Amino acid sequence: MTEPLTIACIIPTYNGRQELERLLDSLARQRIEFDTFIVDSSSRDGTFERAQARCPNVLRIDSKDFNHGGTRQMMVERHPDYAVCVFLTQDAYLEDPDALAAIVRPFSDPTVGAVCGRQLPHLDAVPLAQHARQFNYPPHSQLKSLADAPQLGIKTAFMSNSFSAYRREALLAVGGFPNHVILSEDMYVAAKMLLAGWKVAYEGQACCRHSHNYSLKEEFRRYFDIGVFQAREPWIRQAFGGAGGEGLRYVKSELRFLGPRRVFSWPGSLLRNAVKLGAYKLGQQERHLPPGWKKRLGMYQRYWDGPFA
């Protein structure tokens with residue numbers, strides 16, 4: 001019999017005390033053994049103090065030092081005794097007490113380097129947020145390799161930092177999480193793993209609750225940053241191809257989800273998708289924009305004050 005995997009559950013936090021409480025309560029109900037590690041970016045709302053009261057392993061860093069990829073990689077390197085690192089964001093939580101067991105199950109295949117869990121919408125999610133989770137996180141599981149790229153395109157490397165797991169060996173073999181990207185450090189690593197011969201799994205039985213009721217302005221900012229990421233990492237599209245007709249498929253799916261009973265929501269849906277597309281295209285042209293504009297247009301504004309702007 002093989003020995004059980006040693007699992008580190010790593011949670012970056014910032015000003016999310018109530019959300020962290022909910023997440024830690026859900027972790028307390030999990031039925032497998034793991035250790036929890038929290039890295040807090042100098043919260044001012046009591047998150048750090050609450051984390052200390054609930055978890056023996058809490059690290060505090062300056063908020064200006066937080067980096068989507070760099071902070072996660074720092075935590076991986078600080079805790080080398082774990083074969084698997086599971087990452088959760090503070091605004092997610094696990095309803096199923098077997099969710100952690102499910103997300104590490106695909107690692108029984110020694111060729112699997114990373115696993116993405118399924119995300120269900122929060123109970124207060126608006127219809128458009130509900131559809132986003134339904135579209136991107138189906139119930140069926142999938143094992144992907146580089147050979148799937150001609151069919152799946154860029155979705156081959158789909159990954160989320162809200163609920164995902166990484167085999168340490170594979171993560172270190174591809175250089176770990178990058179510290180130079182504005183976001184999508186999860187897709188970056190998944191793409192590197194696939195190119196190196198590892199497989200990436202999507203586990204439909206490992207479910208968390210996570211969604212966002214973004215405003216139109218927030219949608220614009222997020223998709224601007226996604227465009228920046230894609231423009232600065234062209235090798236991903238070169239290796240896997242683009243999304244093809246994924247955008248149009250998403251719009252059609254969203255209109256079907258809203259249905260005739262919510263036809264009054266169709267104009268808002270079309271407007272929102274047009275804004276996302278425009279923001280993404282603008283982000284792809286960020287090299288032509290003044291630095292001050294980029295800071296105002298994007299969601300992760302501190303990135304533009306750092307060394308990789």
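The values are calculated or read from the model by the stated rules, or taken from the named source; none is laboratory data. Not measured: the values here are computed from a predicted model. Here the Cβ positions follow ideal geometry from the backbone for every residue, glycine too, while neighbour counts run over all protein chains shown.
Looking at region 127-144, which of its residues are surrounded by fewer than 15 Cβ atoms within 10 Å (Cβ to Cβ) and in a loop (DSSP other than H, G, I, E, B)?
Pro138, Pro139, His140 - these are the residues of region 127-144 that are surrounded by fewer than 15 Cβ atoms within 10 Å (Cβ to Cβ) and in a loop (DSSP other than H, G, I, E, B).
One line per residue, one yes/no per condition, for (1) in the same structural domain as Gly259 (by TED's automatic domain parsing); (2) in a loop (DSSP other than H, G, I, E, B); (3) crowded, with 19+ Cβ neighbours inside 10 Å:
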{"residue": "Asp148", "(1), (2), (3)": "no, no, no"}
{"residue": "Leu152", "(1), (2), (3)": "no, no, no"}
{"residue": "Thr156", "(1), (2), (3)": "no, no, yes"}
{"residue": "Leu172", "(1), (2), (3)": "no, no, no"}
{"residue": "His180", "(1), (2), (3)": "no, yes, no"}
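Would you please name the residue that is farthest from Asp81 (Cα to Cα), looking only at residues in region 1-20 that are modelled with pLDDT under 95 and out of contact with any helix residue (DSSP H, G or I) (no Cβ under 7 Å at 6 or more places or on another chain)?
Ranking the qualifying residues of region 1-20, first place goes to Met1.
Given the conditions (1) within 17 Å of the chain's Cα centre (by Cα); (2) surrounded by fewer than 19 Cβ atoms within 10 Å (Cβ to Cβ); (3) among the polar types (S, T, N, Q), and given that Gln52 satisfies all but one, which numbered condition is not satisfied?
So Gln52 meets the others, but not (1).
Just the residues that are surrounded by fewer than 18 Cβ atoms within 10 Å (Cβ to Cβ) and within 21 Å of the chain's Cα centre (by Cα), please, taken from region 35-44.
Scanning region 35-44 gives a single hit, Asp35.
Among the residues of region 105-123, which ones are in contact with a helix residue (DSSP H, G or I) (Cβ under 6 Å, 6 or more places away or on another chain), within 17 Å of Met187 (Cβ to Cβ) and of a type outside the set (A, V, I, L, M)?
Answer for region 105-123, where residues must be in contact with a helix residue (DSSP H, G or I) (Cβ under 6 Å, 6 or more places away or on another chain), within 17 Å of Met187 (Cβ to Cβ) and of a type outside the set (A, V, I, L, M): Gly113, Gly117, Gln119.
Can you tell me which residues in region 287-304 are in contact (Cβ under 8 Å) with a residue 60 or more places away in the chain and within 20 Å of Asn179 (Cβ to Cβ)?
If the condition is that a residue be in contact (Cβ under 8 Å) with a residue 60 or more places away in the chain and within 20 Å of Asn179 (Cβ to Cβ), then Lys294, Gly298, Met299, Tyr300, Arg302, Tyr303 are the ones that fit.
If Pro97 passes every condition in (1) surrounded by 15 or more Cβ atoms within 10 Å (Cβ to Cβ); (2) over 23 Å from Tyr188 (Cα atoms); (3) in contact (Cβ under 8 Å) with a residue 60 or more places away in the chain but one, which one does it miss?
(1)
Return the residues of region 82-113 that are charged (D, E, K, R) and under 14 Å from Leu143 (Cβ atoms); say none if nothing qualifies.
Arg105, Asp109
With Ala196, Ala239, Ala190, Ala243 as the choices, which residue is touching a helix residue (DSSP H, G or I) at 6+ places or on another chain (Cβ under 8 Å) and modelled with pLDDT under 95?
Exactly one residue qualifies, and that residue is Ala243.
Consider Gln90 against the criteria (1) assigned to a helix (DSSP H, G or I); (2) touching a Leu at 6+ places or on another chain (Cβ under 6 Å): it satisfies all of them except one. Which criterion is unmet?
Here Gln90 meets the rest and fails (1).
Checking Glu77 against (1) surrounded by fewer than 21 Cβ atoms within 10 Å (Cβ to Cβ); (2) among the charged types (D, E, K, R); (3) under 25 Å from Phe135 (Cα atoms), which test does it fail?
(3)
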